[in-house]
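A short reminder: the numbers here are calculations on the coordinates, not readings from a lab. Fair warning: this is a prediction, and the values are worked out from it, not measured in the lab. Here the Cβ is made from the backbone with ideal geometry for all residues, glycine too, and neighbour counts use every protein chain on show.
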Amino acid sequence: MDILKSLGHPEEILNLFKFKMGGCSAVMPKLDYESMSESLRTCYLYLNQTSRSFAAVIQALDGELRHAVCIFYLVLRALDTVEDDMTIPLDKKVPMLNDFHTYLYQDEWCFTESQEKDRQVLEDFPTISLEFRNLAQEYRDVISDICHRMGAGMAEFLEKKVGSMKEWDLYCHYVAGLVGVGLSQLFSASKLEDPEVGRDTELANSMGLFLQKTNIIRDYLEDTQQGRAFWPQEAWSQFAGRLEDLAHPEKLESALSCLNLLVTDALRHVPDVIAYLSRLHNQSVFNFCAIPQVMAIATLSSCYNNPMVFQGVVKIRKGQAVTLMMEATNMGAVQTIIAQYSQEIVQKVSLTDPSRDKTLHILAVIRDKSALSQSSLPTRTHHLSPMYLSAAMLLAALSWQYLSTTLNISTCYVSTTETEHKRIHSR
């Protein structure tokens, strides 16, 4: 039961109740599907089927931007499905990836040979491409350009592994940084944000890289078990002969050193994240951008120096995710959240960790950019007596059961930072 996991965090319990009783509607209002064309409704159906992480925040965007971002997501989801499908031979896949942007203007193009879970976006690509062509020209130009550049990047990395740290940045740029660039250009094209948001590709790229690197770090075990390697060889080769060796118990100290090195590298994007978010004016755009970022830094804090990265799945609590979602609606709150989780990481840094100096340096920079002093930060640690815990557990369980069975409450999806698989735009 989600609420029991938050017993040591009273504010999470309160927010879980608020969220279940409709608090999510303030952040993620429902859409009027009845006013949409049949093809557009189908696109939103595919959005909800293929994205556990972004469907809700996309649908909360204002005006025509919502439809543009929905179609942008589905186009990249289709491209990503081609790249992920290991049953497509390389001599067929590489041209498909390089040419995929041209399919947007081919009325009847579809691909019916995929074995991937999300193959419906390829099989019914004519519906998606129709709605793409219904978008304003400024949106079409952005989506087509990003699709072209991303397809070429995916093709480049099909037959080579991520070696150096620079190649890690490049891979993450292709599969996530470009998404940040494209989204920023869509924000500006919609006139909901200033032109500078779309022009500053460096900050936009960092938004994508921070999310992508967090996912790659967190998903070490799942990826290695499935034969995928996204941790850069330049990093892991300092600590093991093979990437999968880091999961061996006798390699734990080395594994944690490698993990902390990569977390430190991901954290260097946080100052850019703060700078980017501080430029946004539209509330729906801010929520769309800020919520995944605060989820990511919470996830990095959970991963840092955590042996569970090599033994299982590291997730933040649902109550924690709900609290972040409800709080991260203005810049001051986001800075507070970032500062809090940065301080959590500071407290975990070992005296013997090889990356200690670099980690503490970037955390100091983040703390400075957050413009908050350590003494002003509220603590996330609550010391509760056994009697309180027992009573709280009973009350919470009974109350939650009562609400679940007696109230007709619509459930809202809450992302627990599962921007799953390896891309900001995936699944």
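Computed extension gain for Glu234 through Glu196, at 0.36 nm per residue and net of the alpha carbon distance, reaches 10.2 nm. Within the range 216-251, whose backbone N sits under 14 Å from a point 7 Å along Cα→Cβ of Met86? Answer for this model: 222-230. Measuring between their Cα centroids, the range 48-122 and the range 253-290 lie 26 Å from each other. For the range 233-244, the Karplus equation 6.51 cos²θ - 1.76 cosθ + 1.60, evaluated at θ = phi - 60°, returns couplings of 4, 4, 7, 6, 5, 6, 10, 7, x, 9, 4, 5 Hz by residue, with Gly and Pro reported as x.
Descending by average beta-carbon neighbour count within 10 Å, the peptides 86-93, 229-236, 131-138, 346-353 line up as 229-236, 131-138, 346-353, 86-93, the highest first.
Using label points projected 7 Å from each Cα along Cα→Cβ, tell me how many nm separate Lys315 and Gln49, to one decimal. The two pseudo-label positions are separated by 2.4 nm.
What is the sum of charges, Lys and Arg at +1 and Asp and Glu at -1, for the other residues whose Cβ falls under 11 Å from the Cβ of Trp168? Neighbourhood net charge equals -1.
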